[in-house]
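K.L.:
First the structure, which I've put down as structure tokens, then a few questions once you've had a look.
The values are calculated or read from the model by the stated rules, or taken from the named source; none is laboratory data. Here the structure is a predicted model, which is why all the values come from computation and not from measurement. All Cβ positions, even for glycine, are placed from backbone atoms using ideal geometry, and neighbour counts span all protein chains on display. Calculation scope for accessible area: heavy atoms of the full protein, side chains included, ligands and nucleic acids excluded. Shrake-Rupley method; radii C 1.70, N 1.55, O 1.52, S 1.80 Å.
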Amino acid sequence: MRVVVTGGAGFLGSHLCDALVGRGDTVVCVDDLSTGQVENIAHLRAEPRFRFVETDVSRSLDVAGRVDAIAHLASPASPVDYHRMPLETLAVGSRGTEHCLELARDRSARFVLASTSEVYGDPLVHPQHEGYHGNVNPTGPRSVYDEAKRFAEALTTAYARSCGVDAGIVRIFNTFGPRMRPHDGRVVSSFVDQALRGEPLTIYGDGSQTRSFCYVDDLVRGLVAMLDSAEPGPVNLGNPEERTVAELARLVLALTGSSAPVVHLPLPVEDPARRRPVVDRARERLGWTPEVSTEEGLRRTITWFAARATAPAALAGA
Ligand code: UDP
């Protein structure tokens, strides 16, 4: 297949590029590098079946030649990033998604939208199944991301219904692993970075809020299965192992052997109280289940962060 991956230099996108190139696909990686990083794809640049195009899909998406599939991952995804780039987040969810869908329509390509568990907002139903319509505040602090993705889901569905685009939607729950930026503000990267430096782990609120953490390799297998299928979704992708943030902090401290303290900082406004995916649909329709436990995933992530922290290039600020 010849696959366009938007957001291909980002955390998830670069792992998806690796998986596709690794199985023999040709990949056109599109990224504006606003949150993606060239170093995530540096090892692929010499690969003849890999091409990088630096562009903002909110403005346009022009890819010459055959396109068999498009995975639309481009978007700021960390709360810190989408608060910093609210208009860009809304633009890539709306105009960016439209440009991708137009390309899919033009080339009769499979289209997969990377949506999010944030469409469930601060959920009143627990755990979250795909039939739940969510509890999102349209003018709340997280709305730029949540509503952008909800609009992207509506647009994708409209293109499928009215234009016959072969489109599918995945809703991605919290995912972690190598290539997360240490300062992107998300909880796993923050805790691992803090623990390795011996700095206080910053627990927001009392730490009783929950999340369910999926290792990146599992998530990418789910994305590839969705690209290969004709499944419209929406399909939840995530690991149902649910933990409080305080438990996660204790686990990271134990696995790093760090004696760093924890500090409690104010809980962000409208921070969802709990989140856990129901993944029955992914199992039934894609044959997908997560295989890497959160603990094992954390071990691998800690190894990567530790190696990076001691690498000469990292010390030089590269
Ligand atoms: N969180 C925390 N300390 C941090 C970063 C995040 O306690 O340094 C909390 C945050 O308030 C939320 C959870 O961890 O309850 C997950 O946050 P993240 O930004 O990783 O993902 P999201 O909120 O989008 O699920």
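K.L.:
Among the candidates M1, M85, which residue alone is of a type in the set (A, V, I, L, M, F, W, C), over 29 Å from G164 (Cα atoms) and surrounded by fewer than 22 Cβ atoms within 10 Å (Cβ to Cβ)? Talk me through it step by step, then tell me what you get.
P.N.:
Numbers: M1 fails: over 29 Å from G164 (Cα atoms).
Among M1, M85, only M85 is of a type in the set (A, V, I, L, M, F, W, C), over 29 Å from G164 (Cα atoms) and surrounded by fewer than 22 Cβ atoms within 10 Å (Cβ to Cβ).
K.L.:
Scan region 128-145 and give yes if some residue there is closer than 20 Å to V57 by Cβ and open to solvent by less than 50 Å² (accessible area, probe 1.4 Å), otherwise no. Let's see the steps before the verdict.
P.N.:
Step one: of region 128-145, the residues closer than 20 Å to V57 by Cβ are 144-145.
Okay, now just the ones that are also open to solvent by less than 50 Å² (accessible area, probe 1.4 Å), so 144-145.
Yes, region 128-145 has at least one match.
K.L.:
List the pairs whose first member sits in region 35-60 and is open to solvent by less than 100 Å² (accessible area, probe 1.4 Å), whose second member is assigned to a loop (DSSP other than H, G, I, E, B) and hydroxyl-bearing (S, T, Y), and whose Cβ atoms are under 8 Å apart, counting only residues at least 6 apart or on separate chains?
P.N.:
Pairs that qualify, where the first residue is open to solvent by less than 100 Å² (accessible area, probe 1.4 Å) and the partner is assigned to a loop (DSSP other than H, G, I, E, B) and hydroxyl-bearing (S, T, Y), are T35/S78; D56/S34.
K.L.:
Give me the pairs: first residue in region 288-301 and over 16 Å from D193 (Cα atoms) and among the polar types (S, T, N, Q), second residue open to solvent by 30 Å² or more (accessible area, probe 1.4 Å) and at pLDDT 95 or above, beta-carbon distance under 6 Å, and six or more apart or on different chains, which are they?
P.N.:
T289/R283; T294/E241
Here's the yes/no breakdown for (1) in contact with a Gly (Cβ under 7 Å, 6 or more places away or on another chain); (2) within 15 Å of T175 (Cβ to Cβ); (3) among the hydrophobic types (A, V, I, L, M, F, W, C):
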site: T210; (1), (2), (3): no, no, no
site: D218; (1), (2), (3): no, yes, no
site: L251; (1), (2), (3): no, no, yes
site: R276; (1), (2), (3): no, yes, no
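K.L.:
Listed residues A282, A254; which is small (G, A, S) and either closer than 25 Å to F151 by Cβ or in contact (Cβ under 8 Å) with a residue 40 or more places away in the chain (or both)?
P.N.:
On the way: A254 fails: either closer than 25 Å to F151 by Cβ or in contact (Cβ under 8 Å) with a residue 40 or more places away in the chain (or both).
None of the others qualify; the one that does is A282.
K.L.:
Kindly indicate the residue of region 146-162 that is of a type in the set (A, V, I, L, M) and surrounded by fewer than 16 Cβ atoms within 10 Å (Cβ to Cβ) and also nearest to the ligand (Cβ to nearest atom) among those meeting that condition.
P.N.:
So the first thing to find is which residues in region 146-162 are of a type in the set (A, V, I, L, M), and the list is 148, 152, 154-155, 158, 160.
Of the ones still in play, those that are also surrounded by fewer than 16 Cβ atoms within 10 Å (Cβ to Cβ) are 154, 158.
Working: A154: 21, A158: 27 Å.
So the residue we want is A154.
K.L.:
Okay, moving on. Mind checking which residues of region 229-272 are within 10 Å of the ligand (Cβ to nearest atom) and either open to solvent by less than 40 Å² (accessible area, probe 1.4 Å) or polar (S, T, N, Q) (or both)?
P.N.:
Those that are within 10 Å of the ligand (Cβ to nearest atom) and either open to solvent by less than 40 Å² (accessible area, probe 1.4 Å) or polar (S, T, N, Q) (or both): T244, V245, A246, L248, A249, D271, P272.
K.L.:
Among the numbered criteria (1) open to solvent by 20 Å² or more (accessible area, probe 1.4 Å); (2) away from the ligand (no atom under 13 Å from the Cβ); (3) among the hydrophobic types (A, V, I, L, M, F, W, C), which one does V165 miss?
P.N.:
(1)
K.L.:
Please go through region 176-187 and pick out each residue that is within 10 Å of the ligand (Cβ to nearest atom), within 13 Å of the chain's Cα centre (by Cα) and modelled with pLDDT of 95 or more.
P.N.:
F176, M180, R186
K.L.:
Here is a follow-up. Any residue in region 142-160 that's more than 18 Å from Y82 (Cα to Cα): show its pairings with residues that are of a type in the set (S, T, N, Q) and open to solvent by 20 Å² or more (accessible area, probe 1.4 Å) at Cβ separation under 8 Å, as long as the two are six or more apart or on different chains.
P.N.:
L155/S94
K.L.:
Quick check on region 172-184. Is at least one of its residues open to solvent by 10 Å² or more (accessible area, probe 1.4 Å) and in a helix (DSSP H, G or I)? It would help to see each step written out before you state the result.
P.N.:
Our first condition is that a residue be open to solvent by 10 Å² or more (accessible area, probe 1.4 Å); within region 172-184, this holds for 172, 174-175, 178-179, 181-183.
Now restrict to residues that are in a helix (DSSP H, G or I): none.
No, that holds for no residue.
K.L.:
Now, a different point. Any chance region 106-117 includes a residue that's open to solvent by 20 Å² or more (accessible area, probe 1.4 Å), more than 21 Å from N174 (Cβ to Cβ) and among the small types (G, A, S)? Full working, then the answer.
P.N.:
Applying the first criterion (open to solvent by 20 Å² or more (accessible area, probe 1.4 Å)) to region 106-117 yields 106-108.
From the residues that got through so far, the ones that are more than 21 Å from N174 (Cβ to Cβ) too are 106-108.
With among the small types (G, A, S) added as a condition, the list becomes 108.
Yes: region 106-117 contains one or more residues that are open to solvent by 20 Å² or more (accessible area, probe 1.4 Å), more than 21 Å from N174 (Cβ to Cβ) and among the small types (G, A, S).
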